[in-house]
Amino acid sequence: AALKMQRDVRDRRWEAFTLEKLGDLYASQSELSKALASYEQALQLRKTLGDRWGEASVLNSIGTAQAKLNNADKAFEFHKQALVLYEAIGDKRGEARAIYGTARAERDRGNLDDARKQIELALAKVEAARSDVSSQNLRTTYLATVENYYEFYIDLLMRFHKARPSEGFDGLALGLSERARARSLLDRLAESHVEIQQGVDPSLLEKQRL
């Protein structure tokens, strides 16, 4: 009986995983109603299994799908629910993903100041998660997965610049872009075991430390 129960649990975990990935596939093809139906089924299974990480992952995916449907309020709420679970289990990468989602939702709701606060918090979580990874290769890989966070923030700063051109937001956007490029370059040099302290512009090294 115990073995059968274990098999049943594994089957339900696999079913939940498959449903979530099916939702991702539908979402990538812009079949959002089908995506949401798959996500909802996956979510119920995750809850039944007590899988908080899986539940958070699905909630975040639902939030992203709602954003694509221009339901910014719903997107915000689902991302916030995901954040609560990610915080409870101490998953910094998950926290960053959820907060990035709330930042996008706030932008779509026209709350640019709140969106800026959220994306800055998301990037702080990214740096915290990155510092927890011991492998340079994995740190570089992780940074590549969150390049869209920096792109979003740069776009947001340029929106501020368009609305308030005298307040220097264009300079902030340029500085952020240079900082992101510097970080990526230095990570790749370190990954290649190149001595990065020699022959590199000191300003790049300083940006990498910031």
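The values are calculated or read from the model by the stated rules, or taken from the named source; none is laboratory data. Just so it is clear, the model here is predicted, and its values are computed rather than measured. All Cβ positions, even for glycine, are placed from backbone atoms using ideal geometry, and neighbour counts span all protein chains on display. The accessibility values were calculated without ligands, DNA or RNA, using every heavy atom of the protein model including side chains. Shrake-Rupley method; radii C 1.70, N 1.55, O 1.52, S 1.80 Å.
Any idea which of (1) modelled with pLDDT of 90 or more; (2) open to solvent by 80 Å² or more (accessible area, probe 1.4 Å) is the one LEU156 doesn't satisfy?
Only one criterion in (1) modelled with pLDDT of 90 or more; (2) open to solvent by 80 Å² or more (accessible area, probe 1.4 Å) is unmet by LEU156, namely (2).
Is region 25-46 home to any residue that is within 27 Å of ASP114 (Cα to Cα), basic (Lys, Arg) and out of contact with any Ser or Thr (no Cβ under 7 Å at 6 or more places or on another chain)?
no
From the list SER131, SER166, SER177, exactly one residue is of a type in the set (S, T, N, Q) and modelled with pLDDT of 85 or more. Which is it?
Exactly one residue qualifies, and that residue is SER166.
What is the residue count in region 96-131 for residues that are open to solvent by 20 Å² or more (accessible area, probe 1.4 Å) and of a type in the set (Gly, Ala, Ser)?
Residues that pass the stated criteria total 4.
Collect the residues in region 160-169 that are assigned to a helix (DSSP H, G or I), free of Cβ contacts under 8 Å to residues at least 40 places away in the same chain and open to solvent by less than 70 Å² (accessible area, probe 1.4 Å), keeping them in residue-number order.
Hits for region 160-169 are HIS161, PHE169.
Among the residues of region 72-84, is there at least one that is of a type in the set (A, V, I, L, M), at pLDDT 95 or above, over 16 Å from ARG97 (Cα atoms) and open to solvent by 30 Å² or more (accessible area, probe 1.4 Å)?
no
I'm told ARG104 meets every condition in (1) charged (D, E, K, R); (2) modelled with pLDDT under 95; (3) within 19 Å of the chain's Cα centre (by Cα) except one. Can you identify the failing condition by its number?
(2)
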